[in-house]
Amino acid sequence: MPSMQNIETPHERRPFKDHGHMDVVTLGDFTLGRGVFEPGWRWSNDVKPIAGTDSCQTHHTGICLSGAMTVQFDDGREVTLGAGDVCVLEPGHDAWTLGDEPCVLLDTGVAAYAKPA
């Protein structure tokens, strides 16, 4: 029997400290998140207090559906994601939303994202 769940009715909604949330659907060992990162969102302000780590330690794999986000790795490298960009982001980074539009990402690397360590 197929297993399915609509992202509009997620199994879980993980609010960030401010500026958005992550809707999470888990089907067996597959987890998909839809992150809504509102203007003003920054990992070090909105998720760091939840995660309790100095930088994001999640391995992200996904696609940006709308908006834009800059990711700065611990070694100083930066990449900017925009609508349609498919990405693999290694652990060890900060990130922030660019502009006045929410950044919406689908991410398969969120099983433990935005949950207390």
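The values are calculated or read from the model by the stated rules, or taken from the named source; none is laboratory data. Just so it is clear, the structure is predicted and the values come from calculations on it, not from any experiment. Quick reminder, even Gly has a Cβ in these numbers, built from the backbone with ideal geometry, and neighbours come from all protein chains shown. Just the protein is used for accessible areas: all its heavy atoms, side chains included, with ligands, DNA and RNA removed. Shrake-Rupley method; radii C 1.70, N 1.55, O 1.52, S 1.80 Å.
Mean separation of Cα pairs under 8 Å and 6 or more residues apart, divided by the residue count, gives segment 1-49 a relative contact order of 32 percent. Whenever you get a sec, compute what percent of the accessible area on segment 8-53 sits on carbon and sulfur atoms (1.4 Å probe). So the carbon and sulfur contribution to the accessible surface is 51 percent. Under the criterion of Cα pairs below 8 Å and six or more residues apart, the relative contact order for the chain equals 31 percent.
Show me 57-63, 28-34 ranked by packing, highest mean number of other Cβ atoms within 10 Å first. Don't jump to the answer; show the numbers that get you there.
Numbers: 57-63: 17.7, 28-34: 15.0.
For the peptides 57-63, 28-34, the packing ranking is 57-63, 28-34.
Could you give the dipole magnitude of segment 1-61 about its Cα centre, charging the beta-carbon of Lys and Arg +1 and that of Asp and Glu -1, in debye to the nearest 20?
Details: 6 positive and 8 negative charges, 20 e Å.
With only Lys, Arg, Asp and Glu charged at Cβ, the dipole is about 100 debye.
Mind checking the per residue accessible area of segment 14-117 for me, 1.4 Å probe, whole number of Å²? Kindly include the intermediate steps, with their values, before the conclusion.
Details: 4930 Å² over 104 residues.
Here the residues of segment 14-117 average 47 Å² of exposed surface.
Around the Cα centre of the chain, unit charges on the Cβ atoms of Lys, Arg, Asp and Glu (plus for the first two, minus for the last two) sum to a dipole of about 280 debye.
Look at the dipole of segment 1-53 built from charges on Cβ: of W41, H11, T53, the Cα furthest out on the positive end belongs to T53. Please list, in order, the residues from segment 81-117 whose amide nitrogen is less than 12 Å from a point placed 7 Å along the Cα→Cβ vector of F30. It comes to 108, nothing else.
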